[in-house]
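Heads up: the structure comes next, in structure tokens.
Computed from the coordinates by the stated procedures, all read-outs in this text should not be read as laboratory data. All figures in this text were calculated on a predicted structure; none of them were measured in a lab.
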Amino acid sequence: MAMSTTFQTVLSGQIADAARVAGLNIVSSEAALDTAGTVTTRFVLALASNAGKTELLELTENLDLSRADLIADLHLYLAESAKRLKNPRPDCYMTLHGLPLSFGKFNWPFHSSTSGADTFLVHGEVRLEDGEASPLHAKVSASMTVTFAEIVPAPEQPFAEGFIYNAIRKTMDQGQLELVKSGNRQPVPVTTRFYSRWQKKFTFNDTSAEQRHDFLAAKAYWLSGVLGGSAPVWMTDPRDAQYLNTTVDELKKTAEDLAADGLIHLDADLEYASPSAALMAHKAKYDLEVQQALTFIKPSFNEEMRGGHTNM
């Protein structure tokens, strides 16, 4: 595989320095090719305090880390990753409708569409994580328009992963992604409707205090109580703040309210929490929410077509 040794050495040094500041170490790095044949380097990063907690970071040799804005964004990404890696399941997120999902098998960076469309794509997979080894999943193809790409500092993992995950969650909220046992890739259009040029920020879901209360309660129930053996989960994740169109401070206040209600146990840092016995007693409620959400995202026309009722 043709690759600039100088590039790999320089990039590894830059990532190592940034990772160290965030409390991460590089476990390994290797050269690879993405789906479009672009040369990449895949880094496995681990928490300095827990080498068993790792994540994959994939970057191309086109990434210009001499740019101050990219270095700043990279440091922020790694700092957040270090906090997220403390979760029992760092790959898991909640949707507003109560679905616990894991995100994986993403092929970074974006690559140009081969269909002739003027878009950039990244492929991945989300799976239902209900604690029952569910086979339900969705293979996704997130497509970013050229116009939207102008907003993104670089079409690479650290600068796009957060809003891509949120766009997937939002698309599922709208009933436009179905979790299935098998199937083709489903599209997730990522357009300027997810970005406010006036506010210069991403925007996904306008939420009320009650919705944020229910969201964080469900997060504690599923991601800590069901999937994490009641190990504390990060309640003030900026990705959730972006997804809910709120702030980290507001999430912190909501978590404190949940603790006051006796539903969660907050750690001393007021950022991580585990569910109380009172919250875990609501199993029937949360199981019903999952079933209702699965019904909502299951297109009714599929059933009509399976029954032969179609005018196509």
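Here are a few things to note about the model shown:
- Global form of the chain, assessed from the alpha-carbon gyration tensor, a/c cut-off 1.5: oblate
- Listed by chain and number, the aspartates and glutamates whose C-alpha is less than 16 Å from the C-alpha of residue 170, apart from same-chain residues fewer than 8 away, are 125, 161, 178, 206, 240.
- The count of lysine pairs in the range 209-296 that are at least 8 places apart or cross chains, and whose C-alpha atoms lie under 17 Å apart, stands at 4.
- 222 nm mean residue ellipticity, helices alone, for the chain (DSSP H n ≥ 4; -39,500 (n - 2.57); rounded to 500): -11000 deg cm²/dmol
- Using θ = phi - 60° and Karplus 6.51 cos²θ - 1.76 cosθ + 1.60, couplings along the range 225-232 (whole Hz; Gly, Pro as x): x, 8, 9, x, x, 6, 5, x
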